[in-house]
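Below you'll find the structure, written out as C-alpha cells, and then a few comments.
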Amino acid sequence: MTQKNRLTRSITVPLFVLKDDPACAQTDPEIFFPMDIDMGFGMVTAKYQNLESAKKVCQECPLIRECLEYALKNNELGVWGGTTEHERKLIRKRNYRRYPVKHRGPSIR
C-alpha cells in the first residue's frame, strides 16, 4: 500500500470569519490559494486554479472590507478581500505608513 504525500496548509482564521458569515465559508477553500508558485529569475509568481471565481465570491461577500484589511495587515497568502498578494503589495506601496510589511517569506507577484 502506497501513501501519497499531501501538502497541507496551516491557516489562521481571523475572528470576523468565525463570528460572521463570509461568502467563502460555503466555497471550496482551494480556489482562494495558489496551486503553484513559480520562483524563476528572482521573481515569485503565484498561479491560481480559478482566480476569477475566487474574486467573484469575494465581490458578493458583505465582509470584503474586513477581509482585505486583515490581509493587508497580516501579509496573507491567497485571495483575500478580492485581491491577490501582488495587488495587495501595490496597495501597501501606496499606503506604506498604514500597512507596514510583515515578512513571511519571499515576495509573491
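The values are calculated or read from the model by the stated rules, or taken from the named source; none is laboratory data. Because the structure is a prediction, the values reported are computed rather than measured. Ideal geometry is used to build each Cβ from the backbone, glycine not excepted, and the neighbour counts take in all protein chains shown.
How many residues does the range 79-92 hold that are of a type outside the set (A, V, I, L, M, F, W, C) and not in a helix (DSSP H, G or I)?
4
Out of the residues in the range 79-89 that are at pLDDT 90 or above and either hydrophobic (A, V, I, L, M, F, W, C) or surrounded by fewer than 19 Cβ atoms within 10 Å (Cβ to Cβ) (or both), state the one that is nearest to residue 36 (Cα to Cα).
This residue is 79.
Quick one: which residue in 66, 30, 76 is modelled with pLDDT of 70 or more and in a loop (DSSP other than H, G, I, E, B)?
The conditions single out 76.
With the structure loaded, tell me whether residue 61 is at pLDDT 75 or above and part of a loop (DSSP other than H, G, I, E, B) or whether it fails that test.
Against the criterion (at pLDDT 75 or above and part of a loop (DSSP other than H, G, I, E, B)), residue 61 qualifies.
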